[in-house]
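Let me begin by presenting the structure, written as structure tokens, before commenting on it.
The values are calculated or read from the model by the stated rules, or taken from the named source; none is laboratory data. Keep in mind that this is a model prediction, so the values were computed, not measured. No Cβ is skipped: glycine too gets one built from the backbone with ideal geometry, and neighbour counts run over all protein chains shown.
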Amino acid sequence: MLLTPGPTPVPEFVRKAMADVTIHHRTPEFEQIFKETRELLFELFQMDEVVMLASSGSGAMEACVTNLTHKKALTVNSGKFGERFGKICKAFDIDYTEIKNEWNTPVSVEAIVEAVKNDNEIDAIFIQLCESAGGLRHPVEDIAREVKKINKNIMIVADGITAVGVENIDTTNLDAVITGSQKALMLPPGLAIIGFSNEAVNKIEEKPKGFYFNLATEIKKQKTNTTAWTAATTLIIGLKEILSYIKENIGFEKLYEDTAKRADATKEALKAIGFEIYPKVPAKAMTAVYCEKSNDIRKILKEKYDVNIAGGQDHLKGNLFRINHMGLVEDFEAAWVVNAVELALDELGIRTFDGSANKVFLSKMFKA
Ligand SMILES: *Cc1c(COP(=O)(O)O)cnc(C)c1O
């Protein structure tokens, strides 16, 4: 059972759709698929423009940094992925300042407002909706609203790689929202997607940058249902399949509701058996728990109960475990994980098993 916060399992019907013969990307057949996928993405993102890139999520992060910063970037580092925006700026010699916090601490709206007021050079802000390193949710929508009051030309770029398809994001004041195929979209890795505001498109077209990740070229091409370079045809076929499945059989709103419910029930179940949720403001995409016995728990889960969950990175290596809620996770799978964690605690002599995790999980899911 793969319950890591990315990659997530690829449903069988998607795998089957992707197993068909490869079609040429410069054909009316593929352009039709591309067009339908774009339309579904507009519904998912609720934004003015959207592009698909043949790259992992980090490629889209790089494209946004290089195409949307003309003067100076402000990056938010509350974990590995926020740190990455700064590393991209450095790699391209783009001027930037960073607001750094511990991995359990979201940036405050005030800190951003102060940084923007004190530095007129800042013309783009880069932040995660969900920082997957510690499973926290930044107050991106509030930040965007306050920043736009100060200067509406400052671009707000949100890394939504573990938020798009997880929750309803208010994109009113967002200029770019990034996602990748292997998280909530339940596809193999290799496709990145960016939603844009019209203002972001204007800024990109004002000063085209780069070659492979030249977003001006990509936007121009994708408006006509083709891509600048060879499209990731197989992944786009899979994307169309998963999005139309969700739209027709579940509905995006219902998917967000189910994910939130499962996330909340999991957190309550783990708290009931003595765990502390790591982030001060947890995201819905995953549950991150601080625990010095994380590696032992993960080992027992994997070897005895057939459950794969993620650990921590860098300074949290061995002290964190992270359980995924993204995608079409079955209720019985989520229930099994909290049961397995409780059994592991018993095996490690930390807490005697009494079935509390299961009871709390099921009560929150079905009796609340
Ligand atoms: C997974 C992830 C990324 C990185 O994406 P890659 O596809 O590995 O390049 C970036 N940001 C967040 C928040 C993520 O969870």
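Ala334 - would you say it is among the aliphatic types (A, V, I, L, M) and in contact with a His (Cβ under 9 Å, 6 or more places away or on another chain)?
Working: among the aliphatic types (A, V, I, L, M): yes; in contact with a His (Cβ under 9 Å, 6 or more places away or on another chain): yes.
Answer is yes for this residue.
For segment 28-47, does any single residue satisfy the condition of being closer than 18 Å to Gly160 by Cβ, crowded, with 16+ Cβ neighbours inside 10 Å, within 14 Å of the ligand (Cβ to nearest atom) and hydrophobic (A, V, I, L, M, F, W, C)? Scanning segment 28-47, I find no residue that is closer than 18 Å to Gly160 by Cβ, crowded, with 16+ Cβ neighbours inside 10 Å, within 14 Å of the ligand (Cβ to nearest atom) and hydrophobic (A, V, I, L, M, F, W, C), so the answer is no. Looking only at segment 19-44, which residues are more than 14 Å from Ile219 (Cβ to Cβ), assigned to a helix (DSSP H, G or I) and either within 20 Å of the chain's Cα centre (by Cα) or at pLDDT below 95 (or both)? Matches in segment 19-44: Thr37, Leu40, Glu43, Leu44.
May I ask you to verify whether Lys240 is surrounded by fewer than 19 Cβ atoms within 10 Å (Cβ to Cβ) and of a type outside the set (Phe, Trp, Tyr)? So that I can check it myself, show each step before the final result.
Numbers: surrounded by fewer than 19 Cβ atoms within 10 Å (Cβ to Cβ): no; of a type outside the set (Phe, Trp, Tyr): yes.
Considered against the rule, which asks whether it is surrounded by fewer than 19 Cβ atoms within 10 Å (Cβ to Cβ) and of a type outside the set (Phe, Trp, Tyr), Lys240 comes out as no.
Is there any pair with a first residue in segment 165-190 that is modelled with pLDDT of 95 or more and a second that is among the basic types (Lys, Arg) whose Cβ atoms are under 6 Å apart and which are 6 or more apart or on different chains, and what are they? These pairs meet every condition: Val166/Lys284; Glu167/Lys284; Asn173/Arg145; Asn173/Lys148. Residues in segment 116-175 that are within 16 Å of the ligand (Cβ to nearest atom) and polar (S, T, N, Q): Gln128, Ser132, Thr162.
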